[in-house]
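The structure appears right after this line, and notes come after that.
The values are calculated or read from the model by the stated rules, or taken from the named source; none is laboratory data. None of the values given here were measured: they were computed from a predicted structure. In this analysis, Cβ positions are derived from the backbone assuming ideal geometry, glycine residues included, and neighbour counts consider all displayed protein chains. Areas reflect the complete protein model, heavy atoms only, side chains present, ligands, DNA and RNA absent. Shrake-Rupley method; radii C 1.70, N 1.55, O 1.52, S 1.80 Å.
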Amino acid sequence: MSTSLEVDLPKRPGFGAKGRAAKIGLNSYAVTRFPTAIINQYDVTIGKGDEKRGLIKKIWFSEKVQASFGAARNTVLFDGNKLAWSVKPFPFGERLTLSVDLDEGDSRPRRTPRDNSHKVVIQKSGRVPLQVVEAFVKGQYRIDNDVLVGINFLDHLMRETPSKHYIAIKRSFFQQAGARELERGVEAWKGIFQSVRATQGGRLTINVDVATAVFWSQGTVLDTALRLLRINSPEELANKISHEGPKGPIMRDLRRMKRVSFFCKHRQRDSEVQRRSYSIEGFEQNAKEFTFELRRPNTEGGLTVTKITAFDYFLKQYNLRLKFPLLPLVKTKKKGEVFPMELAHIVEGQRYPFKLDERQTADMIKFTVQRPNVRAEQIKANVAQLDWKKDPLLKEYGMEIDTNMIKSDGRVMPVPKIAYGAGSTEPVFAPRDGKWDLRGKKFVKISGPVKGWGVMVFGHPRFCDEDTVKNFIRVFVTTYNQHGGVIETKDPPIMYADPKKAVGTNIFELYKKAGNKVNAKPQMLVFILQQKSAQPYNDIKAYCDINIGVASQCLQSKHVQQAKPQYCSNVGMKFNAKLGGATCYLDKNDHPLFGKDPSILIGADVSHASPGVVKSSFASMVGSVDLQGARFAAIANTNGYRVEVITTKNMIKFMCTLLRAFKANTGKIPMRIFYFRDGVSEGQYQHIIEQELHDMREACKVLQSDYNPKITVTICSKRHHTRFFPIDRIAQDRNGNCVPGTIVERDVTHPTEYDFYLAAHNAIQGTARPVHYHVIHDENKMPVDLFQALVYNTCYTYCRASNSVSLIPAAYYAHLASTRARAHESNTEDTMTVTTGTSGSGGRDFPPTEAPDIRPLHDGLKHAMWYV
């Protein structure tokens with residue numbers, strides 16, 4: 001659903017017709033009765049207006065605030081921050097001001113008196129214009145702030161009841177039952193996702209899906225820390241900290257636990273109903289070293305001050321002899337307040353905000369992957385758990401929802417024919433099930449003969465001896481030749497990297513040796529690595545891309561040892577693409593751009609560092625450099641910190657570079673630009689039009705003052721919860737997934753705008769996730785069937801696979817280029833600098849300065865597919 005207020009996005013020009021009709025089940029549910037009651041909206045200010053969410057919740061649900069609502073008490077909705085709604089008016093009228101003392105009725109003795117009173121102001125601000133939302137859904141009203149207010153209310157209405165029974169994270173609701181332990185002190189929980197959508201067909205729908213999130217495991221802070229750090233015992237942890245010091249890797253990794261909430265059980269008051277929780281601010285000295293002044297009343301009416309260690313304090317005060325006194329103490333926000341790790345217990349249901357490592361990710365995938373029939377049953381179970389019919393608030397507000405999945409009229413698009421090179425067995429064919437066999441296929445465009453190349457092994461010869469490397473070279477050369485490639489040098493130099501020398505020094509020695517063998521600059525350098533890891537991979541790529549301008553290919557030693565022909569074919573595709581070739585083209589009869597004005601396909605992506613990591617955002621852009629739209633040049637750069645829109649400086653540089661590359665390779669100036677932008681949320685569409693499209697036009701004028709190509713802008717998104725459950729056999733594969741080319745334009749799409757969901761690939765595991773394409777600007781006005789064919793058919797030309805891919809390659813390549821270009825940053829070390837802020841806090845924790853540019857790509861690779 002668009003949230004654009006200033007610019008009307010293009011209306012749907014019509015529906016596609018090509019292909020076979022198919023009924024598709026969707027995980028969306030129709031709202032059958034729309035709330036028609038008058039709903040009052042209130043502005044809420046608690047304290048100074050910037051209090052923490054946890055405190056706001058405590059104050060809002062205090063008896064004093066709740067009692068002020070009178071008969072409306074059970075109908076009140078609250079967004080947890082500044083807005084409240086009620087179908088019954090509040091008894092106090094327009095405004096209420098009161099003071100809430102959270103310590104009222106708490107008779108526990110305190111060493112120092114404190115004021116825990118908070119001012120609450122509730123002011124009536126108007127009514128929710130639900131009739132406007134209904135008109136918008138039916139396509140009779142353009143989106144404006146009133147529509148957004150109404151949809152925001154409906155979203156909170158759907159959330160209110162589940163959030164009282166589950167742990168709520170935005171629109172998802174979780175409970176611990178059925179959790180899967182992951183490594184390093186965290187666990188995966190399954191939950192329920194639920195969202196209100198205004199959709200095509202003039203109705204509101206509720207999108208329900210399976211949600212998954214990662215939470216800190218319960219247990220003591222000590223248990224979790226040991227698992228996080230992969231350390232076997234508290235004694236080993238104490239020894240390592242003692243050896244490394246307070247600024248060593250262990251203490252740095254422990255910073256991940258900052259802001260985790262915990263509680264204690266060792267004091268008498270801890271067993272009471274109102275258990276107090278604390279937040280980890282850091283880690284202090286150990287209990288034997290940490291000393292403080294203990295003040296106690298004496299018989300003379302004064303205070304006796306004694307200096308005492310934390311270890312002795314716990315022994316004296318609680319008769320507790322700490323088992324691990326040499327471990328660091330947990331520090332809280334209150335100055336001087338510390339707790340032993342062994343006595344601090346982690347509060348249940350705290351989300352883990354960091355990126356998972358490879359092993360955790362693999363476990364997470366096993367936990368989340370579900371075949372379509374299993375996922376559909378899980379979604380139905382989620383709907384049963386939400387139990388809309390018995391939801392007291394939905395009843396009160398007059399909202400009813402059908403509990404049967406929506407069945408939509410979708411289509412299966414015609415499979416395009418793809419073309420391989422002359423001499424292939426069946427050079428032009430239509431693939432079945434979105435995949436095909438590379439055997440007997442010659443690449444459609446072959447790079448020139450490979451003369452200068454060399455191989456370097458990073459690792460000891462015993463991991464990959466010279467005979468193993470020679471055998472791989474022999475199999476690879478044979479396989480590459482079978483695909484039409486020519487490798488003239490059958491015995492390239494083989495070297496082993498000297499671990500005492502820098503990566504760049506080793507590479508330069510191979511570069512010289514490979515070049516001297518043929519008296520020419522090498523075309524390709526191959527590196528055999530022991531495992532997938534950031535280093536030396538990043539340093540290899542940076543040196544080859546930036547310093548010497550030679551294409552590089554990294555291989556894992558385990559695959560080199562096996563030397564399977566299929567693996568060699570896969571490497572061959574990348575080899576050929578990096579050196580200027582192409583794997584396959586669309587047959588001209590199935591290419592919507594064939595014979596038309598020269599057109600460039602542009603893909604762009606902005607990616608951000610993992611939550612909690614201080615690194616710049618990255619913008620990348622790729623542009624086709626042939627008339628077939630099969631080969632793409634790429635450019636990337638830093639893009640500020642947490643900046644979603646590509647900066648003006650980057651956009652003008654990127655577009656000028658890519659348009660020049662198109663002209664240099666084709667001899668033509670593109671008169672049509674098809675811009676596919678990945679990684680944009682609905683709320684950002686307006687910014688893309690106002691800034692990126694504007695800067696794109698400026699870039700065209702930089703090249704030529706009267707250059708004014710027609711531009712179509714399409715947002716591609718996989719971050720949504722719509723899934724296809726095909727009902728008709730023609731749309732099902734053997735796993736129950738939709739077949740490639742399944743497209744849905746009705747029932748879950750926008751009420752009036754131009755968008756569609758397309759599943760272009762064959763899902764190997766789990767349930768296929770279609771890509772949502774939303775055209776937000778359209779000057780080319782390509783017929784709907786042709787534009788959808790452009791998107792779908794080009795998914796068969798991804799250069800490093802023998803199958804169709806899920807996302808249009810222009811956007812896919814942009815994502816690859818963004819990931820690869822991180823190696824071009826000034827510092828490519830695999831550091832994890834954790835910020836002091838919480839995850840995703842929107843830039844508050846990031847440096848306000850502009851990010852330094854990455855090191856520029858070598859001129860020799862500017863038009864090459866160096867990133868694949």
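When only the Cβ of Lys, Arg, Asp and Glu is charged (+1, +1, -1, -1), the dipole of the stretch 199-347 relative to its Cα centre reaches about 300 debye. Sorting 857-864, 748-755 by average packing, meaning the other beta carbons within 10 Å per residue, from highest down gives 748-755, 857-864.
Alpha carbon centre of the stretch 309-328 versus the stretch 715-784: separation in Å? Answer, in whole Å: 61.
Considering only 246, 210, 279, the residue lying farthest towards the positive end of the dipole of the stretch 171-307 is 210, judged by Cα position with unit charges set on Cβ. Across all directions, the average flat footprint of the convex hull enclosing the Cα atoms of the stretch 676-760 is 7.7 nm². Across the alpha-carbon set of the stretch 723-815, the Rg to Rh ratio works out to 0.97, Rh being the Kirkwood radius.
Sorting the segments 430-439, 773-782 by their residues' average number of neighbouring beta-carbon atoms within 10 angstrom, most packed first, yields 773-782, 430-439. Residue by residue, what Karplus-based ³J(HN,Hα) values in Hz, rounded to whole numbers, does the stretch 426-431 have, using 6.51, -1.76 and 1.60 with θ = phi - 60° and x for Gly and Pro? Using θ = phi - 60°, the values come out as 6, x, 10, 7, 9, x Hz. In this structure the stretch 109-250 gives 45 Å² per residue of accessible area when probed at 1.4 Å with all protein chains present. Return one number: the angle in degrees, 0 to 90 and rounded to the nearest 10, between the long axis of the Cα atoms of helix 694-703 and the longest principal axis of the Cα atoms of the chain. Once rounded, one gets 30 degrees. Distance from the C-alpha centroid of the stretch 390-407 to that of the stretch 470-519: 66 Å, rounded to the whole angstrom. Sequence-distant contacts, meaning Cα pairs under 8 Å at least 6 residues apart, place the relative contact order of the chain at 15 percent.
Spatial offset of the stretch 13-84 relative to the stretch 241-266 amounts to 38 Å, using the alpha carbon center of each. Annotation: amide H-H contacts under 5 Å for residue 457 (H modelled 1.01 Å from N, sequence separation of 5 or more, or interchain): 495, 496, 497, 528.
In order along the stretch 492-498, the Karplus-derived 3J(HN,Hα) couplings, from 6.51 cos²θ - 1.76 cosθ + 1.60 at θ = phi - 60°, round to x, x, 10, 10, 10, 5, 7 Hz, and Gly and Pro are given as x.
Rolling a 1.4 Å probe over the protein heavy atoms of the stretch 281-383, with every protein chain left in place, gives an accessible area that is 50 percent carbon and sulfur.
Looking only at the chain, where both bridge partners belong to it, what percent of the DSSP beta bridges are antiparallel (to the nearest 5)? The antiparallel fraction comes to roughly 80 percent.
Give me the compactness ratio for the stretch 77-203, meaning the Cα radius of gyration over 2.2 N^0.38 Å. The value comes to 1.49. Taking the 1.4 Å solvent-accessible surface of the stretch 95-207 as the whole, the part contributed by carbon and sulfur is 44%. Counting alpha carbon pairs within less than 8 Å and at least 6 residues apart, what relative contact order, in whole percent, applies to the stretch 396-551? The value is 24 percent.
Here residue 323 and residue 252 are evaluated by their C-beta separation; at R0 = 35 Å the FRET efficiency comes out at 0.90.
For the stretch 132-195, trypsin sites (Lys or Arg not before Pro) meeting the loop criterion (DSSP other than H, G, I, E, B) and having at most 14 other Cβ atoms within 10 Å: 138, 142, 170. The accessible surface of the stretch 654-726, taken with every protein chain in place and a 1.4 Å probe, is 46 percent carbon and sulfur. Only helical runs count toward this figure. For the chain, summing -39,500 (n - 2.57) over DSSP H runs of n ≥ 4 and dividing by all residues gives -8000 deg cm²/dmol at 222 nm. Plainly put, the stretch 218-349 has a radius of gyration that is 0.99 times its Kirkwood radius, both from alpha-carbon atoms, as the Rg/Rh ratio. All Cα-Cα distances of the stretch 450-574, cut into 10 Å bins from zero to the largest, leave 13, 48, 35, 3, 0 percent in each bin in turn. Solvent exposure of the stretch 439-491 amounts to 48 Å² per residue of accessible area, where only protein heavy atoms count and the probe is 1.4 Å. With contacts taken as Cα pairs under 8 Å at a separation of at least 6 residues, the stretch 13-94 carries a relative contact order of 33 percent.
Surface analysis of the stretch 279-408 yields an accessible area of 57 Å² per residue, using protein heavy atoms and a 1.4 Å probe. Magnitude of the charge dipole for the chain, about its Cα centre and with charges confined to Cβ atoms of Lys, Arg (+1) and Asp, Glu (-1), is about 1040 debye.
Taking the C-alpha atoms only, the angle from helix 358-368 to the longest principal axis of the chain is near 80 degrees.
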